[in-house]
């Protein structure tokens, strides 16, 4: 479905244009254009320190000069392994300034994961938080690393055979070499998929992909104003969601970005109260923590114009409770690493549809095809695989031509997500293709059950998986975290589900936990639970 074909779109999203002409610029040029407009505007706020756009650009150019002196050149991969901090932003733009490629590296990676990514990307340089240096040092000899640059965020940690980030900024002038970049062809970022569906793959995102997606998100929010927005960046910047919805969007808008290095609900609420952010991208677990906070009424969170929820499905109950308790607008969006990431957003003019991922972004086409062949377009209401086409879609996977060919077909990105579209063009994610449970011949989508569990007043978090069953093939198991102070039995939850679900969907097994395994952006790791179940079965 192409949004420009639907004239009724205006009633849902006034001010959104289509057939846009996205600027043919690099990401570093986008920063430079913002600096030229308002150099003294606050760009970054971190632990009480404010940095203007002029200062940030000077730091970017100094680091780029130093990296160039170390041999970093166009096309070379540079890993960034940092929490949210100004040094992350400076490193990102400095690498891009040279036409080099940012390798997004999760600071929580253990040695095995880190070694795989460094070897796969063939990165020769890494910029790393000094407290994490031992992990890098332990795998260094088995990788192509030649340069290790350490960043201190407190008392410096002694690291042998490394260069200090601050030393490079001090020793080099802001005079990096001029590098010609072709925005549509040149890769800006290798964004590794989370690995929740197998071995992580490096998604090749170009400068044009990321610039276009920043513009797509910006045009979806007609109420935002250049130079006046404050974005709260709690989501980790090494994740593609925060990369676009926080960092790139903030630079495009000339806004101020408040960087929070680690999620702590009390810290986040205090920052909202004091900093008065206007845009707050997040994940469902973050909003769940907010609506369940016992002292929420003590904080003023009404500065926020819009909360965009992504990375995982937003339970209907959470969206409704968020609005009831805070008055804030919380809408669900959708995207994936392969699309920079945003492809769908709910209208932010009060006409969002709870439970829907919304409408396609500007200049984005989306359609539903059959699950068997992936070639038959399905009508509204029919469930199938979601396909995407637009300027934000990746070049492909790094050094994986076969994977690229199976995911990108005839210009369409096959998402692997099961979805449907209603008669008004709103899309709904039913489930991951790989997460579908087949029990007794019935196709069961975990989200159907999870939505019901979230409606139970005692349930804080829930996720459902299929576990082997000798008779049914698979059976449904629910993992549940209760709200603080609540008690509940398996029988109570099963009976509750029986009242709202077909018999074949009702969980046969319920396991209560204090917490659930999550990614850095708060996405519950279904695969981890599946692996734990498999291990438990083998050892029992």
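The values are calculated or read from the model by the stated rules, or taken from the named source; none is laboratory data. Predicted, not measured: the structure shown is a model, and the values here were computed from it. Methodologically, a virtual Cβ is constructed for each residue, glycine included, from the backbone with ideal geometry; neighbour enumeration extends over all protein chains shown.
Let me confirm something: among 82, 96, which residue is surrounded by 17 or more Cβ atoms within 10 Å (Cβ to Cβ), more than 19 Å from residue 176 (Cβ to Cβ), in contact with a strand residue (DSSP E or B) (Cβ under 6 Å, 6 or more places away or on another chain) and modelled with pLDDT of 95 or more?
82
Considering every residue within segment 124-143, establish whether at least one is in contact (Cβ under 8 Å) with a residue 60 or more places away in the chain, crowded, with 18+ Cβ neighbours inside 10 Å and within 19 Å of residue 67 (Cα to Cα).
no
Kindly list, by first and then second residue, each pair from a residue in segment 30-57 that is over 17 Å from residue 176 (Cβ atoms) to a residue that is modelled with pLDDT under 95 and part of a helix (DSSP H, G or I), limited to pairs with Cβ atoms under 8 Å and residues at least 6 apart or on different chains.
So the pair list comes out as 45/275.
If residue 231 satisfies all but one of (1) part of a helix (DSSP H, G or I); (2) at pLDDT 90 or above, what's the number of the condition it fails?
(1)
Condition first: over 20 Å from the mean Cα position of the chain (by Cα), over 29 Å from residue 355 (Cβ atoms) and touching a residue at least 40 places away in the same chain (Cβ under 8 Å). Now tell me which residues in segment 256-291 satisfy that.
275, 276
Give me the helices (runs of 4 or more DSSP H) completely within segment 234-324, filtered to those with at least 3 residues that are in contact with a strand residue (DSSP E or B) (Cβ under 8 Å, 6 or more places away or on another chain) and within 28 Å of residue 201 (Cα to Cα), ordered by residue number.
So the answer is 249-253.
Within segment 382-440, how many residues are part of a loop (DSSP other than H, G, I, E, B), touching a residue at least 24 places away in the same chain (Cβ under 8 Å), surrounded by fewer than 16 Cβ atoms within 10 Å (Cβ to Cβ) and in contact with a strand residue (DSSP E or B) (Cβ under 8 Å, 6 or more places away or on another chain)?
4
Does residue 520 fit the bill of being touching a helix residue (DSSP H, G or I) at 6+ places or on another chain (Cβ under 9 Å), surrounded by 15 or more Cβ atoms within 10 Å (Cβ to Cβ), over 22 Å from residue 316 (Cβ atoms) and in contact (Cβ under 8 Å) with a residue 40 or more places away in the chain?
no
Among the residues of segment 454-498, count how many are under 20 Å from residue 317 (Cα atoms), touching a strand residue (DSSP E or B) at 6+ places or on another chain (Cβ under 7 Å) and not in a loop (DSSP other than H, G, I, E, B).
So the count comes out to 14.
Test of understanding: among 530, 538, which residue is free of Cβ contacts under 8 Å to residues at least 12 places away in the same chain and either more than 30 Å from residue 261 (Cβ to Cβ) or part of a loop (DSSP other than H, G, I, E, B) (or both)?
538
Residues in segment 144-155 that are in contact with a helix residue (DSSP H, G or I) (Cβ under 6 Å, 6 or more places away or on another chain) and touching a residue at least 24 places away in the same chain (Cβ under 8 Å): how many?
Total satisfying the criteria: 2.
Taking segment 205-226, which residues are in contact with a strand residue (DSSP E or B) (Cβ under 9 Å, 6 or more places away or on another chain) and either more than 23 Å from residue 413 (Cα to Cα) or free of Cβ contacts under 8 Å to residues at least 12 places away in the same chain (or both)?
Matches in segment 205-226: 221, 223, 224.
For segment 84-123, give me each residue that is within 16 Å of residue 191 (Cα to Cα), free of Cβ contacts under 8 Å to residues at least 60 places away in the same chain and not in a helix (DSSP H, G or I).
100, 109, 122, 123
Please go through segment 239-252 and give me each residue that is touching a residue at least 40 places away in the same chain (Cβ under 8 Å) and touching a helix residue (DSSP H, G or I) at 6+ places or on another chain (Cβ under 8 Å), ordered by number.
Selection gives 240, 243, 244, 245, 247, 248, 251, 252.
Inspect segment 444-455 for any residue being surrounded by fewer than 14 Cβ atoms within 10 Å (Cβ to Cβ) and at pLDDT below 90 and give the result as yes or no.
So far as segment 444-455 goes, no, none of its residues is surrounded by fewer than 14 Cβ atoms within 10 Å (Cβ to Cβ) and at pLDDT below 90.
Since residue 170 meets every condition but one in (1) surrounded by fewer than 21 Cβ atoms within 10 Å (Cβ to Cβ); (2) part of a helix (DSSP H, G or I); (3) touching a helix residue (DSSP H, G or I) at 6+ places or on another chain (Cβ under 6 Å), which condition does it not meet?
So the condition that residue 170 fails would be (3).
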